[in-house]
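Engineer: For reference, the structure I am asking about is given below.
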Amino acid sequence: MHPGFSCMDAALAFISLMYVMVWTVCTAAFIGLTVLVIMLCVPTWRRALLRHPRKVSVLGLLCLSVVGVTINQITSSIADTLARNLRLKHEVQVEGLKLPAGTWLHLMTIDPLDANGQPQIHGLASLDTARFPAPQTLMGARVSSLQMYHLTSGEMRLVGDQIIDGWPCARDTLLTVNFSEETRLRPDLWQFDGCTLVAGAKVAGLAWPTKSGVQKQGNEYSVSYWQASESVSIQGIELMTATVELDQQRNPLHWSGQLRNPMALGDWRYPRGTRAAQGKPQTLRMTSSQTYTAKNVRTGETLKPNYSILQRVPNGQVLWIKPNAEIDDLDW
């Protein structure tokens, strides 16, 4: 095997080859059957074909078989797609999930039994997507649609600005939720996972721009902004991207982000885009990269890429300079 050519590459190449071969055979069969029918309809060509009845019969049977199988597969695929995409004529309740009449559904399967061998109504236990004819209340939130991912997470589109799990979530954005396989169809047992915040929402004493989001991480939370079109001001530092980690009581633990403007701290000068982070009180960790390099204006020294400096605020005293790979949480 050629170096760098893995078993996965070989498998994908084989599958691609088989796909091309199958479609080539199908295309040839359709063309061959069409040509054969046309020739049988033309007297001169028909007489020539009938001089070799056995060959013509075998060729026709082969083409007809391939065409028949292909049409049957296409028909079955269309029927399966239509069966898994339906609109409810009557209200249906699957465990704790109520689906009103008029709801458009996409199902992963139409099998009468679920993965555990239990009966399911028209395969509704395999629900993948639901779009409601009117806003519904799920997990205390007013939503217009539901999207299930695998067996443990989902998204719902919010109707109007709403307070969810104490967070101001923005209208027409997605509320993400977590659940277990056992509670997948029990909205009353779903857990808040995250949402997009209302523009200007006050969290951790900061006003967050449009498209900022909150994410639950275990018992803690993370509020972040990554659009860079607006800025977040933390301790007087303008950041074009920012993340604030919060504890279970939603008190700030630490923050990080990218500088919107160049910044001076002690003898060091940091360009726009440099990553800044605050851990312990009255300290800042500044991190360099290939793109954003800090410089000491007194010594002319530059900070190597993937190195960080920990400095006191506001006097700029350098506490340490280390490669990122050697820094642990106790250092800052």
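Read-outs throughout are calculated quantities, based only on the coordinates presented, and are distinct from any laboratory measurement. All values derive from a computational prediction rather than experimental measurement. Using ideal geometry, Cβ is built from the backbone for each residue, glycine included, and neighbour counts are taken over all protein chains shown.
Engineer: Go ahead and run the numbers for FRET between residue 202 and residue 222, Cβ-Cβ distance against an R0 of 22 Å, rounding to 0.05.
Structural biologist: The formula returns an efficiency of 0.85 here.
Engineer: Please compute the alpha carbon radius of gyration of segment 262-332, then divide it by the globular-protein estimate 2.2 N^0.38 Å. Two decimals is fine. It would help to have the intermediate numbers written out before the result.
Structural biologist: Working: Rg = 11.1 Å, N = 71, 2.2 N^0.38 = 11.1 Å.
Rounded to two decimals, the normalised Rg is 0.99.
Engineer: To make sure I understand the rule: partners must be aspartates and glutamates, Cα under 15 Å from the Cα of residue 295, and not fewer than 8 residues away in the same chain. Which ones qualify?
Structural biologist: Excluding near neighbours in sequence, the set is 267.
Engineer: Among the aspartates and glutamates, which fall within straight-line cross-link reach of residue 216, defined as a Cα-Cα distance under 13 Å, with same-chain neighbours fewer than 8 residues apart omitted?
Structural biologist: Counting by Cα, and skipping residues close in sequence, residue 216 has these aspartates and glutamates nearby: 165, 193, 245, 247.
Engineer: Here is a follow-up. Check the straight Cα-Cα distances from residue 98 and name the lysines below 18 Å, setting aside those fewer than 8 residues away within the same chain.
Structural biologist: 89
Engineer: Given R₀ = 51 Å, FRET efficiency for residue 65-residue 191 by Cβ-Cβ distance, to 0.05?
Structural biologist: Working: r = 54 Å, r/R0 = 1.06.
That gives a FRET efficiency of 0.40.
Engineer: Further question: Could you check the spin-label model distance between residue 101 and residue 129? Points 7 Å from the Cα along Cα→Cβ, value in nm.
Structural biologist: In this crude label model, residue 101 to residue 129 measures out at 2.5 nm.
Engineer: Per 0.36 nm of contour for each residue apart, how much would the distance between residue 325 and residue 251 grow if the chain were fully extended, relative to their Cα-Cα spacing?
Structural biologist: Details: separation 74, 0.36 × 74 = 26.64 nm, distance 2.86 nm.
Computed gain between residue 325 and residue 251 is 23.8 nm.
Engineer: With each label point set 7 Å from Cα along the Cα-Cβ vector, what nm distance links residue 40 and residue 55?
Structural biologist: 1.8 nm
Engineer: Arrange 157, 312, 285 by Cβ neighbour counts within 10 Å, fewest through most, would you?
Structural biologist: Ordered from fewest to most neighbouring Cβ atoms within 10 Å, 157, 312, 285 come out as 312, 157, 285.
Engineer: Calculate the FRET efficiency for residue 264 and residue 183 from the Cβ-Cβ distance with a Förster distance of 41 Å, rounded to the nearest 0.05. Intermediate results must be reported in sequence, preceding the final value.
Structural biologist: Working: r = 53 Å, r/R0 = 1.30.
Approximately 0.15, to the nearest 0.05.
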